[in-house]
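Notes follow once the structure below has been shown.
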Amino acid sequence: MISSQTSSSLADNVLAAIQSVVGFGPVSLHEPSFDGNELQYLKECIDSTYVSSVGKFVDKFEKDLATYTGAKFAISVVNGTASLHISLKLAGVQSGDEVLLPALTFVATANAITYCGAIPHFADSEDATLGIDVLKLREYLNKTTSQESDKCINKITGRVIRALIPMHTFGHPSDIDGLLSIANDFNIILIEDAAESLGSFYSGQHTGTFGLLGTLSFNGNKTITTGGGGAILTNDEGLARRAKHLTTTAKLPHAWEFRHDEIGYNYRMPNINAALGCAQLEQLPSKLKAKRELFLRYQNAFKNLKGVKLFSEPMNCQSNYWLQTLLLDEIESKFRDNILSVSNNSEIMTRPVWVPMNELEPFNDSPSMDLANAKLLSQRIINIPSSPSIVLRAK
Ligand SMILES: *Cc1c(COP(=O)(O)O)cnc(C)c1O
């Protein structure tokens, strides 16, 4: 038994383990599949001529989303980034505010903050959830903020920290109880970036329904897709009404007059995309079942492999397993790129996690706490093929 592996043996072993589950390439990281009423609904939509900004599929998709997630209201929009932008505006995020978010997220979370003229402020991540490290964030906020007339002030920059956006990484819920208590104790508004976690539950409640607002994405690589699309979730009727208004050019209802009472956005989801969404949402349970089955198969394939572990759902959570995730032991992280190259050369698509936001040019000057673990995680994470079709097609 050799104690430390060579890079080639680890990469070959990882490739063999993936192939024992997915077969030989080409296999993509996450591909959409359309196995239900998609064509029928799209035809209905086209036959009706209502393919654009209004129609019955938009209304149905929003109703079905609210029913599935348990949110009182769901407002569909053109993509997940737009849902973040509008949620931040609705939460009152203003130019010059700071908004906390994990450094380890997709760039859309940080971008949406800058669309409001606000400044992203990066938090570290923990191994247990791959989301924000709550203990470390609380300690940091205790040291670096003060409360002034019920506002959280960053003592270093003098700016208001208005909101906190946790992101449920690869569909694994963050420590929501811990985050809610930070939001409560420090007077910060919680908005959940649940773009990756449709079908994921924390203590039996759907992710994206804990914060004042939550956001979803239906991009082509997500668990279900509308081509491009997103949604805002909220339990607040006033915010839901404002979300619809702001995302539909802020036009006042009238039989013929074009009167807009504020600067709005053309962020609505077209009816033809919603038609696709209605059909996809019907298949969400079967996709989730297949993704969980895929996790179990990988778990079996990786159980005896040293140096790497398959990430599984956090305690008290039911994850959608959007992207299956390998976590390299710290000492093996130097082999990450070798593993990526060996698998991709064999047409088995694998990917590293995002470059931490604080390392991206546009965010070089953004405030942040110590991000040592986000940095480490970014070198240890590898996503492996995760499509439900891997399981569904083999039947
Ligand atoms: C996909 C995603 C979004 C939204 O992306 P869109 O492509 O705009 O729908 C936002 N945040 C995270 C973490 C995502 O993964």
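The values are calculated or read from the model by the stated rules, or taken from the named source; none is laboratory data. What you see is a predicted model, and the numbers here were worked out from it, not measured in a lab. Because the Cβ atoms are built from the backbone with ideal geometry, glycine has one as well, and the counts that use them run over all protein chains shown. Areas reflect the complete protein model, heavy atoms only, side chains present, ligands, DNA and RNA absent. Shrake-Rupley method; radii C 1.70, N 1.55, O 1.52, S 1.80 Å.
In the context of the full set of protein chains, the chain has a per residue accessible area of 43 Å² (1.4 Å probe).
Restricting the calculation to Cα atoms, the chain shows an Rg/Rh of 0.99 when the hydrodynamic-style radius is the Kirkwood one. For the stretch 260-269, putting each phi into the Karplus relation 6.51 cos²θ - 1.76 cosθ + 1.60 with θ = phi - 60° gives couplings of 10, 9, 7, 7, x, 10, 8, 10, 6, 7 Hz, in residue order, rounded to whole numbers and with x for Gly and Pro. The peptide list 151-158, 27-34, put in order of mean Cβ contacts within 10 Å with the highest first, becomes 27-34, 151-158. Taking packing as the residue-averaged number of other Cβ atoms within 10 angstrom, the listed peptides 64-77, 175-188, 242-255 run from highest to lowest as 64-77, 175-188, 242-255. Quick check on my link table: of Lys136/Lys222; Lys43/Lys89; Lys60/Lys89; Lys155/Lys222; Lys89/Lys289, which ones sit more than 28 Å apart, alpha carbon to alpha carbon? Pairs exceeding the cut-off: Lys136/Lys222; Lys43/Lys89; Lys155/Lys222; Lys89/Lys289.
Scoring 287-294, 209-216, 35-42 by mean Cβ neighbours within 10 Å over their residues and listing the highest first yields 209-216, 287-294, 35-42. Each helix, a run of at least 4 DSSP H residues, gives -39500 (n - 2.57); summed and divided by the residues of the chain, these come to -11500 deg cm²/dmol at 222 nm. Here the Karplus curve 6.51 cos²θ - 1.76 cosθ + 1.60, taken at θ = phi - 60°, turns the phi angles of the stretch 41-48 into couplings of 5, 5, 5, 4, 5, 5, 4, 6 Hz, with x standing for Gly and Pro. Sequentially through the stretch 27-34, phi angles give Karplus couplings (6.51, -1.76, 1.60; θ = phi - 60°) of 10, 8, 5, 7, 10, x, 9, 10 Hz, Gly and Pro residues having no value and appearing as x. For Arg138 and Arg351, what does the FRET efficiency come to when R0 = 30 Å and r is the distance between their Cβ atoms, rounded to the nearest 0.05? That gives a FRET efficiency of 0.40. Both the radius of gyration and Dmax for the stretch 1-127 are 22.2, 68 Å, in that order, over alpha-carbon atoms.
The DSSP beta bridges internal to the chain are antiparallel in roughly 65% of cases. Please give the net charge around Ala103, taking every other residue with its beta carbon less than 13 angstrom from that of Ala103, where Lys and Arg add +1 and Asp and Glu add -1. Net charge around Ala103: -3. From the alpha carbon centroid of the stretch 270-316 to that of the stretch 109-185 is 28 Å. Counting only residues at least eight positions apart within a chain, or on another chain, the lysines with an alpha carbon under 27 Å from that of Lys306 are Lys291, Lys334, Lys375.
Note on Trp256 and Asp370: their simple-model spin labels are 6.9 nm apart, each label 7 Å out from Cα toward Cβ. With the Cα gyration tensor of the stretch 90-186 giving a ≥ b ≥ c as the square roots of its eigenvalues, does the rule (a/c under 1.5 for rounded; else a/b larger than b/c for prolate; else oblate) give rounded, prolate or oblate? In terms of gyration-tensor shape, oblate.
The average projected area of the stretch 229-374, computed from the convex hull of its Cα atoms over all directions, is 15.2 nm².
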